[in-house]
1. Quick one: THR138 ticks every box in (1) surrounded by 13 or more Cβ atoms within 10 Å (Cβ to Cβ); (2) of a type in the set (Val, Ile, Thr); (3) more than 14 Å from the ligand (Cβ to nearest atom) except a single one, so which number is it?
2. Give the residue, chosen from THR138, THR147, that is on the phi < 0 side of the Ramachandran plot and in contact with a strand residue (DSSP E or B) (Cβ under 8 Å, 6 or more places away or on another chain).
3. Has the range 54-70 got at least one residue that is free of Cβ contacts under 8 Å to residues at least 60 places away in the same chain and within 14 Å of the ligand (Cβ to nearest atom)?
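Only the coordinates and a few stated rules stand behind these numbers; no lab work does. This is a predicted model, so every value here is computed, not measured. Here the Cβ is made from the backbone with ideal geometry for all residues, glycine too, and neighbour counts use every protein chain on show.
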Amino acid sequence: MSAIFTDICSNYIMSYRIGSGVDFHQLEEGKELWLGGVHIPHSKGAVGHSDADVLLHAICDALLGALSLGDIGKHFPNTDESYKGIDSKILLQRSYELVAAKGYHIINIDSTVCLENPKIMKFVPAMQEAIAAILKITIEDISIKATTTETMGFAGREEGLVAYATVLISK
Ligand SMILES: [Zn+2]
C-alpha cells in the first residue's frame, strides 16, 4: 500500500494554486451593461476604460493572483489608449495565456456578482459558455452566482456593482 502511494507521488507531483479577485464599477444611465462576456439589456451600464465587465475583471484578477502575477491594472493599465473600450474577453484570454504559459490549467471558478438590478440568472448559461470557451474548461467548472445587498449601500442604490471570483489552478 505504501509502496503504491510512493510511486503515485513520485510520478504525479501536483501543484495547486488558488487566487481571488474582486472588482467594482459605477453604473450610469445609457451605458451598455456587459457581464461575463454577455451583453445584458438594461437602462444602465458599467463605466470604465474597457467595456467594464466587472465579472471578467474579477476572474482576470483571480487568475493573475493565483500565480502572484500582479493585477489587471498592472497588465492592462487604464492609462493605455489601446485598452480603451476593449472587449474584456480579450483581457481574460491574455490573463489565461499568462497562467497557461507557466504550465497551469484551471480546475474551477466560483464567482458572485452583486447588483440590485437587473436580474441576471437567465443570462448565466451564456456567460458560462463565453468564459468556458476562453479558459478551455466546461460550463460545470464555472459557477456564477448573483446576490443583492437588500437595497443597502451603493449597489442597493444601483450606483454600482461588484463581482468576486475565486479560481483554483493546477499543473
Ligand atoms: Zn473592472
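1. With respect to (1) surrounded by 13 or more Cβ atoms within 10 Å (Cβ to Cβ); (2) of a type in the set (Val, Ile, Thr); (3) more than 14 Å from the ligand (Cβ to nearest atom), THR138 is out only on (1).
2. Numbers: THR138 fails: in contact with a strand residue (DSSP E or B) (Cβ under 8 Å, 6 or more places away or on another chain).
Result: THR147 is the single residue among THR138, THR147 that is on the phi < 0 side of the Ramachandran plot and in contact with a strand residue (DSSP E or B) (Cβ under 8 Å, 6 or more places away or on another chain).
3. yes
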